[in-house]
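Here's the structure, in structure tokens; my notes come after.
The values are calculated or read from the model by the stated rules, or taken from the named source; none is laboratory data. Note that the coordinates shown come from a computational prediction; the quantities given were computed from them, not determined experimentally. Cβ: placed from backbone, ideal geometry, glycine included. Neighbour counts: every protein chain shown. The accessibility values were calculated without ligands, DNA or RNA, using every heavy atom of the protein model including side chains. Shrake-Rupley method; radii C 1.70, N 1.55, O 1.52, S 1.80 Å.
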Amino acid sequence: MTGMPPDLPEKAETDPQAPVRPRREFIRNAALFTGTVALLGGGLEALTRRPGAAAEAAPGEPLAQARRPLGPYDTSEAVTPYAQATTYNNFYEFGTGKDDPARLAGSLKPRPWTVLIDGEVKKPVRVDIDTLQSWFPLEDRIYRMRCVEGWSMVMPWLGFPLAALLRRIEPNSKAKYVQFTALHDPKQFPGQRGNVLDWPYVEGLRLDEALHPLTFMAVGLQGRVLPGQNGAPLRLVVPWKYGFKSIKSVVRITLTQKQPRTTWALAAPDEYGFYANVNPAVPHPRWSQATERRIGELRRRPTLPFNGYAEQVAHLYKGMDLRRFF
Ligand code: MTE
């Protein structure tokens, strides 16, 4: 990211030599996982190692071997190695460095964890994360993830569609948007002891975006319980939008009448908007969005409109001037 500090190096994010944490650290991170594979239930079995997928595993780590056909929402592109997906992260609650989240994620306690679902709904609820997870059959989705900084990954998530949760709590007729709030606890998040962003991190979607079948709540990654650095125990995943929309460590989901305020649009309104759909034709003031570097690869590749999901989502924005809605 970022709007601030203003000179966070693009080079570091796009440099093919950008460091990947050593295996030692990867194994240490594995020890931080809070649950077991059993927690993830049936969805885990469905997780696949695809031909060409370079997933890494340490001895004794849970790893799903079963193969299943690609689902309608899956990309067949090679999955980003787990060691990279869990050590090159943006999670400012831990710090602004790419390696801060993996280094410091041990201070985040993802259990016990309560999620409040409220606002314009017929059935508001405060629910424990394990109960919440048990409401839905867990599914896996292999999605591209494109950061506005110009890098991308392919992530196999495990979780449930946000639409399933919304159907359960029943938005009322006034509900037009969904606001998401991340945990605010400087004891668990060292980055919140400073004011690099306004805490807590908040994000939002229009209700029809939130109900789209691609919009996902993840509780696992690549066959493992979601690690702290990737947003344990619950994060949003919206694959056609820049990565900053996919808020981590969610504690509250509120249905609203008005468009919610969102962290990056508050921090740098000239640089970030509410919609933030991936759009190679609209440059960010500091980064062209025309190409991207897939983490683990050297060459840059063209960025696709809506991150390659145009067929599924472009209709949501019919009649809107997409240049105005960065
Ligand atoms: N969520 C919170 N709570 N705090 C953050 O700093 N960073 C965002 C997003 N979600 C962020 C967040 C950004 S900029 C990106 S690119 C993605 O998380 C990165 O997700 P990943 O680290 O799992 O790849």
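Worth pointing out:
- Here Leu197 meets each of (1) within 9 Å of the ligand (Cβ to nearest atom); (2) free of Cβ contacts under 8 Å to residues at least 40 places away in the same chain; (3) not small (Gly, Ala, Ser) with one exception, condition (2).
- Strands (runs of 3 or more DSSP E) within region 208-326 that include 3 or more residues within 14 Å of the ligand (Cβ to nearest atom): 216-221, 235-237, 250-256, 291-294
- Matching residues, region 141-174, being surrounded by 21 or more Cβ atoms within 10 Å (Cβ to Cβ) and hydroxyl-bearing (Ser, Thr, Tyr): Tyr143, Ser152
- Within region 68-99, tally of residues that are away from the ligand (no atom under 12 Å from the Cβ) and either part of a loop (DSSP other than H, G, I, E, B) or touching a His at 6+ places or on another chain (Cβ under 8 Å) (or both): 13
- Only one of the numbered conditions (1) outside any strand (DSSP E or B); (2) more than 13 Å from the ligand (Cβ to nearest atom); (3) in contact with a helix residue (DSSP H, G or I) (Cβ under 9 Å, 6 or more places away or on another chain) is not met by His184, and that is (2).
- Pairs where the first residue, in region 252-281, is under 16 Å from Phe180 (Cα atoms) and the second is of a type in the set (Asp, Glu) and in a loop (DSSP other than H, G, I, E, B), C-beta under 6 Å, 6+ apart: Leu255/Glu120; Leu266/Asp198
- Condition check for Val115 on (1) among the aliphatic types (A, V, I, L, M); (2) open to solvent by 50 Å² or more (accessible area, probe 1.4 Å); (3) at pLDDT 55 or above: one failure, at (2).
Conditions tested, residue by residue: (1) within 16 Å of the ligand (Cβ to nearest atom); (2) within 30 Å of Lys174 (Cα to Cα).
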{"position": "Pro110", "(1), (2)": "yes, no"}
{"position": "Val115", "(1), (2)": "yes, yes"}
{"position": "Gly119", "(1), (2)": "no, yes"}
{"position": "Ile142", "(1), (2)": "yes, no"}
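- Residue, surrounded by the fewest Cβ atoms within 10 Å (Cβ to Cβ), within region 187-207, restricted to residues that are in a strand (DSSP E or B) and of a type outside the set (D, E, K, R): Val202
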